[in-house]
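Below is one structure, written out as structure tokens; the observations come after it.
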Ligand code: SF4
């Protein structure tokens, strides 16, 4: 049991809180203030900044700051996939930006160069926009997630944001929420009235990558134990092998993680699982080289993809995908598997079918998210 006064390891570098003046008395700000005050970080200074401040300046080495911001943009967005490849087409609920953890391959390094973790404190605006979108036609189904510009649960210990979202969505049965994370925080669980409308999700990788390229995150065992707790409570979980990295020993590494999964879960408890090869915008490579000199996988053989991102040569991707799919199928996985941002040719060569055969990837995942095929896998 965690000492309630101790922040989880990934939040212990927080050294300052900024709050927009107009948000200083918001429920979210009050909650963060109360939770920090009850923790070993009670002395962290709070600075109220003028209403509407877009960026706050904070530069204290490795330390991080929270900024509770009044966000003026759209809270519900489309996933920035590309038309060149099959995209899963889910919708993003934008709750904040940046992440307290540090994975060498993380795309967020290219987006956010500072150590300020932004949280949209104007939750009333968020819920108004979501109610308009989800309530307009209750027969339209939505598959949504928060883990695009941040980790869904990284700040949950202080903000309770996902728990608020789960509570709000209890009244919207046409929405399935995926909470994607690399840490363990299950404090949102008892807020869910319907276990079939929340999909707790964890990213997985080979043990070597988890140990050498992901920092301040939970271990694979911790993630899988958490997934089992969710499954035992009636939730279906999602797992994501993304990014799959080509490194010496990748076969043994990915085989080990795949085998571990089924020590904790059965295939029917997994709603879907993505496989995505490491992809990298050109401007991200020098940032990774700078921030994580040990990350030699960036010097692998890459080609520019149709989306402008560098990706591993196709024969190498196919080799990794085929190996992993074969192993996963050996454990009983089948149509839960999908590729993130790959062409029909790759699907056909590895899986033997294309998204079109599934009625389109977005439709297929929507169906799986809502649980229509639970327990009976088509051949
Ligand atoms: S946990 Fe996710 S969002 Fe956070 S640094 Fe790692 S890859 Fe990026």
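The values are calculated or read from the model by the stated rules, or taken from the named source; none is laboratory data. The structure displayed is predicted, hence computed values, not measured ones. Reconstructed Cβ throughout: ideal geometry from the backbone, glycine too, with neighbour counts over all protein chains shown.
Just to be sure before I move on: is residue 133 buried (at least 18 other Cβ atoms within 10 Å of the Cβ), in contact (Cβ under 8 Å) with a residue 12 or more places away in the chain and in a helix (DSSP H, G or I) in the structure I sent?
Numbers: buried (at least 18 other Cβ atoms within 10 Å of the Cβ): yes; in contact (Cβ under 8 Å) with a residue 12 or more places away in the chain: yes; in a helix (DSSP H, G or I): yes.
Spelling it out, residue 133 is indeed buried (at least 18 other Cβ atoms within 10 Å of the Cβ), in contact (Cβ under 8 Å) with a residue 12 or more places away in the chain and in a helix (DSSP H, G or I).
Exactly one condition in (1) part of a loop (DSSP other than H, G, I, E, B); (2) within 14 Å of the ligand (Cβ to nearest atom) is false for residue 57; which is it?
(2)
So how many residues does segment 102-123 have that are in contact with a helix residue (DSSP H, G or I) (Cβ under 7 Å, 6 or more places away or on another chain), within 10 Å of the ligand (Cβ to nearest atom) and in a loop (DSSP other than H, G, I, E, B)?
Total satisfying the criteria: 3.
Please go through segment 228-239 and pick out each residue that is within 30 Å of residue 291 (Cβ to Cβ) and either surrounded by fewer than 20 Cβ atoms within 10 Å (Cβ to Cβ) or free of Cβ contacts under 8 Å to residues at least 40 places away in the same chain (or both).
Answer for segment 228-239, where residues must be within 30 Å of residue 291 (Cβ to Cβ) and either surrounded by fewer than 20 Cβ atoms within 10 Å (Cβ to Cβ) or free of Cβ contacts under 8 Å to residues at least 40 places away in the same chain (or both): just 239.
Let's see how each residue does on (1) assigned to a loop (DSSP other than H, G, I, E, B); (2) at positive phi; (3) at pLDDT below 95; (4) touching a helix residue (DSSP H, G or I) at 6+ places or on another chain (Cβ under 6 Å):
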{"residue": "31", "(1), (2), (3), (4)": "no, no, no, no"}
{"residue": "39", "(1), (2), (3), (4)": "yes, no, no, no"}
{"residue": "48", "(1), (2), (3), (4)": "no, no, no, yes"}
{"residue": "68", "(1), (2), (3), (4)": "no, no, no, yes"}
{"residue": "82", "(1), (2), (3), (4)": "yes, no, yes, no"}
{"residue": "89", "(1), (2), (3), (4)": "yes, yes, yes, yes"}
{"residue": "100", "(1), (2), (3), (4)": "yes, no, no, yes"}
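Within segment 196-223, can you find the residues that are over 16 Å from the mean Cα position of the chain (by Cα), surrounded by 21 or more Cβ atoms within 10 Å (Cβ to Cβ) and more than 12 Å from the ligand (Cβ to nearest atom)?
The one that is over 16 Å from the mean Cα position of the chain (by Cα), surrounded by 21 or more Cβ atoms within 10 Å (Cβ to Cβ) and more than 12 Å from the ligand (Cβ to nearest atom): 206.
Exactly one of (1) part of a helix (DSSP H, G or I); (2) away from the ligand (no atom under 15 Å from the Cβ); (3) crowded, with 19+ Cβ neighbours inside 10 Å is unmet by residue 252. Its number?
All conditions pass for residue 252, except number (3).
Out of everything in segment 258-279 that is within 20 Å of residue 295 (Cα to Cα) and in contact with a helix residue (DSSP H, G or I) (Cβ under 8 Å, 6 or more places away or on another chain), what residue ends up being surrounded by the fewest Cβ atoms within 10 Å (Cβ to Cβ)?
278
Does segment 326-357 hold any residues that are surrounded by fewer than 19 Cβ atoms within 10 Å (Cβ to Cβ) and under 23 Å from the mean Cα position of the chain (by Cα), and which are they?
Once the filter is applied, which keeps residues that are surrounded by fewer than 19 Cβ atoms within 10 Å (Cβ to Cβ) and under 23 Å from the mean Cα position of the chain (by Cα), segment 326-357 yields 334, 335, 343.
Could you list all residues from segment 104-115 that are in contact (Cβ under 8 Å) with a residue 40 or more places away in the chain, surrounded by 20 or more Cβ atoms within 10 Å (Cβ to Cβ) and closer than 12 Å to residue 150 by Cα?
Passing the criteria: only 109.
Test each condition in (1) touching a helix residue (DSSP H, G or I) at 6+ places or on another chain (Cβ under 9 Å); (2) touching a residue at least 24 places away in the same chain (Cβ under 8 Å); (3) within 16 Å of the ligand (Cβ to nearest atom) for residue 180 and report the one that comes out false.
Looking at each condition in turn, residue 180 falls short on (1).
When segment 240-249 is examined, which residues are found to be farther than 19 Å from residue 368 by Cβ and either touching a strand residue (DSSP E or B) at 6+ places or on another chain (Cβ under 8 Å) or surrounded by 22 or more Cβ atoms within 10 Å (Cβ to Cβ) (or both)?
Passing the criteria: 243, 244, 245, 246.
If you take the residues in segment 147-158 that are more than 11 Å from the ligand (Cβ to nearest atom) and surrounded by fewer than 24 Cβ atoms within 10 Å (Cβ to Cβ), which one is nearest to residue 38 (Cα to Cα)?
157
Going through segment 283-300 one residue at a time, which ones are loosely packed, with under 12 Cβ neighbours inside 10 Å and part of a loop (DSSP other than H, G, I, E, B)?
Within segment 283-300, 283, 293, 294 meet the criteria.
I'd like the residue in segment 159-177 that is over 28 Å from residue 17 (Cα atoms) and in contact (Cβ under 8 Å) with a residue 24 or more places away in the chain and, out of all such residues, is nearest to the ligand (Cβ to nearest atom). Quick ask: steps written out before the conclusion?
Of all residues in segment 159-177, those over 28 Å from residue 17 (Cα atoms) come to 169-177.
In the following step, the residues that additionally are in contact (Cβ under 8 Å) with a residue 24 or more places away in the chain were identified as 169-170, 172-177.
Details: 169: 22, 170: 27, 172: 26, 173: 29, 174: 28, 175: 23, 176: 21, 177: 18 Å.
Only one residue fits best here, namely 177.
Yes/no per residue for (1) part of a strand (DSSP E or B); (2) at pLDDT below 95:
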residue	(1), (2)
125	no, no
148	no, yes
157	no, no
184	no, no
199	yes, no
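Only residues in segment 325-344 that are free of Cβ contacts under 8 Å to residues at least 12 places away in the same chain count as the first member; pair them with residues that are not in a helix (DSSP H, G or I), Cβ under 9 angstrom, at least 6 apart or cross-chain, and list the lot.
329/337
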